[in-house]
Amino acid sequence: MNGKLGALVWMNRICGFATQKMQRLLAIAGDADIRRQFPSLYARVAQMMGSDTAGLMMQTCTDEELLNREFDLLARAGIRTISYADEEYPALLKEIPLPPLLLYCKGDISLMQTRCIGIVGSRDPSRYGLEVTELFSKTLAKCGLTIVSGLARGIDSTAHRAALEAGGKTIAVLGCGIDKIYPADNAPLYKKIEKDGLLISEYGPGVPASNFQFPERNRIISGLSEGVLVTEAGQKSGSLHTANNAVDQGRDLYVVPCNITSSRGFGSNMLIKKMPHCAVFSPDDVAERLGIHGYKEPVSAMQLDFIEEKLVAGLGYAELNFEQLLELTGLGASELNATLTKLELFGIIKKLDNNYYGV
Amino acid sequence: MLAVIKSYALEGIEGYPVDIEVDVQSGIPGFDIVGLPGSSIKEARNRVRSAIRNSSFDFMPRKVTVNLAPADTEKNGSAFDLPIAVGFLAGTEQIPDAALKDYVIIGELSLDGGVRRVNGILPLLISALMAGHKKFIVPRDNAKEASYILGAEVYALQTLSEVCSFLGGILDSKPVEHSEYSSDPGVNKYGIDLSDVKGQNAAKRALEIAVAGGHNLLMCGPPGAGKTMLAKCVPTIMPDMTFEEAIETTKIHSVAGCTDSEQGVITLRPFRTPHHTASLISMIGGGPNSKPGEVSLAHNGVLFLDEMPEYQSKTLETLRQPLEDGFITVTRIHRVIEYPAGFMLIASMNPCPCGYDGSRIKECTCTPLEKRRYKSRISGPLLDRIDIYADVDGVDYSDLKTGIPGENSAAVKARVEKARRIQRERFAGTLTHTNARMSNAQIKKFCTLTPGCDRLVEIAFDRFKLSARGVSRIIKTARTIADLRGGAEICETDIAEAIQYRVRETEA
Ligand SMILES: Nc1ncnc2c1ncn2[C@@H]1O[C@H](COP(=O)(O)OP(=O)(O)OP(=O)(O)O)[C@@H](O)[C@H]1O
Ligand SMILES: [Mg+2]
Ligand SMILES: [Zn+2]
């Protein structure tokens, strides 16, 4: 059954081999269908990988029933498998060193054919980091780019969420089995991406999250993307690893400058110090480098009265707290509350922590 | 010879009659107390003996049996010392027993024959008065508290010999003069005023709405932002206690033994701040003497939970019943006691364990996990009962120094009282008193929304990912805001303002 895909599912699911090992085995087999012709390859495999491995492969190589059962299982879980030889396999991803040979997918696989940009950052971001992520992800998604990230806490989750909220598309690349939700509290987001976006993983169902898999996952995030945007990375953030991958894979790297007094943006700022041309200051900067027209928010149809205009203008200048807004507008507490809600509901301003407001 | 003295014992905040029968016979000397006495009553024997001797009476070695009837309820406390001593003296014919049946006698004895104050005089006397008793002998130190009970003839005496002379007709004592309840309207005696708080207009408005509609309130802000100070102002803008409320509050505090002899009746609304390490018993009541706990001591006032996430979830869980029903049930081995516990809950929390998440002055040092753990501790059933959430940020130094003092408590209180009046009329004849306690049916009936309001709620529902509960909290709060401005209908600005005080639980 189905040549290359069958061989890969056999090696990955039944024999338990990861991409690197599968790569070596395919190299041995050359043009031959490794599964059908395994007996003739046995000696060379045993020599290279030991007789235990070869023996296991020998036992299962022609067991069609076992393989069919595996395919059934995947189909019932709503998981699509795509091999590097399939036409659905994204062209960009093929260009990286050691591309994944087999992808497990849930959701809209056509997204892999769209123009993608990776947005990554630390799992413990500052409020600034989250805001920046939301701004870039929303705007770039509205420009028609698919936002790729890793479904981790912090920046990753915010990037996915913002893209979906903007009505855009997003791909989450998991560092664990395709059916595992990690971290568990991202379950609602996972479901939403499955419905409105795409989840992919190099790991089949049941594979638990483990630390060495996250760096492997990072190469796919950058591999799928034309460029990678780092919105906020601390000194040891895993997103720096993704940034390096992007550079190694010849992709664009974009870095948003961070607060120099905060340790949370140290990694980002170091990237900019090393590669000043990476710095971007607005979503438009990114869009321009990717050769797309920036997205303009349609001007709100809502009529603002004089005081509301003044308030919005004031917030455009700086984030202000309730007391400052009272002074600015001359309203009483009760009226100001009502006005703030109105502007908030129309998406013109935002309520921040500690009684601050911003646009 | 047998003597019978009338006395009263406490059950919860009510009194019940206890007949103290003292039988003195010749025979092998002994002193037995029967009728389920608790340990403090068993010890009465020693106090009574010394008090009698030191009051120059004769404690003759006799066979004495004291029965506390009804014999099937466990009795505690020291308030039977005096009636037992009087019973013994009557039983040994050292004093005449003719006058005894007219009095209810309550008091503890000290070894030198002095009569000491007891807890719960107010509830004891009120129950006895309602049962038809008119004349009371109580400790002198309880006089002030007893003086508020209209129609009671209270004799407050200081020693056992005084009591005996009085009963024998030798001492002519006047009954305690009746005190009128007065709450001194217009005078703020809480020692703090809303005008002391500089700035903080968002939070002050939240307090006003919360108090006006009886809504529970959660304040969130960095350390030193003034949360505790704001909470302390809440009693100053609550309506003055009515006489009934004052009596009920005093009853509870009297039973708990935290009234003093000067004060008499409690006129200030309680402000209770149990520490987060407080035991479950001190929170809800119970223990060997079935004392009322903090939730009851806060009755008619404020229960302030500072740093709410620090409280054990078990403790927070127990607040559900009082928040729902206004009373708490304390289960004891022999019986179940109910204490009133109708308080306004004010809780404070920091945005995160270190306190500086989102702050502009200091950077937060917490990990995401720590932050989530902290927030998850207050989620759930308790948060559902908090209608109003206010962010509180620190005030600039310049504002602290020169800030224009805002309105004082009296001005705010006047508006609150007006809004409360509207609610009294609205809910007349029902068990509900405030907007916060409206049932779903009442929300439907009293909070009809105009199409414009409806649309506003709908947009907010989507935009802020509100829950169904979140929506009904906003509507109840909007009802109160409308009442504060005297509006019959809820209008769009009321809803809009209420939305600013939404509990931002689900927003990331
Ligand atoms: N708005 C204000 N106006 C006047 N004084 C203030 C104000 N805010 C704070 N203070 C002063 O600061 C002190 C600290 O405030 P408070 O104890 O209420 O802070 P808190 O928010 O409860 O802090 P914590 O989280 O540490 O308990 C108050 O005693 C008061 O003197
Ligand atoms: Mg405090
Ligand atoms: Zn913190």
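The values are calculated or read from the model by the stated rules, or taken from the named source; none is laboratory data. Remember, predicted model here, so these are calculated numbers, not experimental data. Every residue, glycine as well, gets a Cβ built from its backbone with ideal geometry; the counts of neighbours run over all protein chains shown. The protein model used for the area step is the full one, side chains on, heavy atoms only, and it has no ligands, DNA or RNA in it. Shrake-Rupley method; radii C 1.70, N 1.55, O 1.52, S 1.80 Å.
Summary of values
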quantity: For region B:286-339: relative contact order, % (alpha-carbon pairs under 8 angstrom, 6 or more apart); calculated: 37 percent
quantity: Average accessible surface area per residue within chain B, 1.4 Å rolling probe, Å²; calculated: 43 Å²
quantity: Long pairs among A:LYS138/A:LYS351; A:LYS350/B:LYS413; A:LYS273/B:LYS375, criterion Cα-Cα beyond 27 Å; calculated: A:LYS350/B:LYS413; A:LYS273/B:LYS375
quantity: Above-threshold pairs, the threshold being 25 Å between Cα atoms, out of A:LYS236/A:LYS274; A:LYS342/B:LYS476; A:LYS191/A:LYS236; B:LYS314/B:LYS476; B:LYS144/B:LYS189; B:LYS418/B:LYS476; calculated: A:LYS191/A:LYS236; B:LYS314/B:LYS476
quantity: Separation between Cα centres of region B:362-382 and region B:312-353, rounded to whole Å; calculated: 23 Å
quantity: Cα-based helix-to-principal-axis angle, A:239-248 vs chain A, degrees rounded to 10; calculated: 60 degrees
quantity: Unit charges at the beta carbon, dipole of chain A: most positive-side option, A:PRO100, A:ALA32, A:LEU340; calculated: A:ALA32
quantity: In region A:69-159, trypsin sites (Lys or Arg not before Pro) in a DSSP loop with at most 16 other beta-carbon atoms within 10 Å; calculated: A:ARG115
quantity: Partners for B:LYS444 among aspartates and glutamates (Cα-Cα distance below 18 Å; same-chain residues under 8 apart left out); calculated: B:ASP387, B:GLU425, B:ASP454, B:GLU458, B:ASP483, B:GLU489, B:GLU492, B:ASP494
quantity: Within region B:223-283, GluC sites (Glu not before Pro) in DSSP loop having at most 12 other beta-carbon neighbours inside 10 Å; calculated: B:GLU262
quantity: Centroid-to-centroid separation of region B:208-243 and region A:207-238 [C-alpha atoms, Å]; calculated: 48 Å
quantity: For chain B: relative contact order, % (alpha-carbon pairs under 8 angstrom, 6 or more apart); calculated: 14 percent
quantity: Chain A - percent relative contact order, Cα under 8 Å, separation 6 or more; calculated: 12 percent
quantity: Cα centroid of region A:341-359 to Cα centroid of region A:1-64, whole Å; calculated: 59 Å
quantity: Two-site FRET efficiency, B:GLU153 against B:ARG360, from Cβ-Cβ distance with R₀ of 45 Å, rounded to 0.05; calculated: 0.10
quantity: Cα long-axis angle, helix B:44-54 against chain B (0 to 90 degrees, to the nearest 10); calculated: 60 degrees
quantity: Debye, to nearest 20: dipole size of the protein assembly as shown, +1 on Lys, Arg Cβ, -1 on Asp, Glu Cβ; calculated: 1400 debye
quantity: Qualifying GluC sites (Glu not before Pro) in region B:100-205, DSSP loop, other Cβ atoms within 10 Å at most 15; calculated: B:GLU177, B:GLU180
quantity: Whichever aspartates and glutamates have a C-alpha closer than 17 Å to that of A:LYS195, once near sequence neighbours (fewer than 8 apart) are set aside; calculated: A:ASP108, A:GLU165, A:ASP179
quantity: Between helix B:121-130 and chain B: long-axis angle, C-alpha atoms, 0 to 90°, nearest 10; calculated: 80 degrees
quantity: Within chain A, percent of DSSP bridges classed antiparallel, to nearest 5; calculated: 35 percent
quantity: Fraction of beta bridges assigned by DSSP in region A:60-213 that are antiparallel (%, nearest 5); calculated: 40 percent
quantity: Cross-link partners of B:LYS174 among aspartates and glutamates (Cα-Cα below 18 Å; sequence separation of 8 or more within a chain); calculated: B:ASP102, B:ASP141, B:GLU145, B:GLU153, B:GLU162
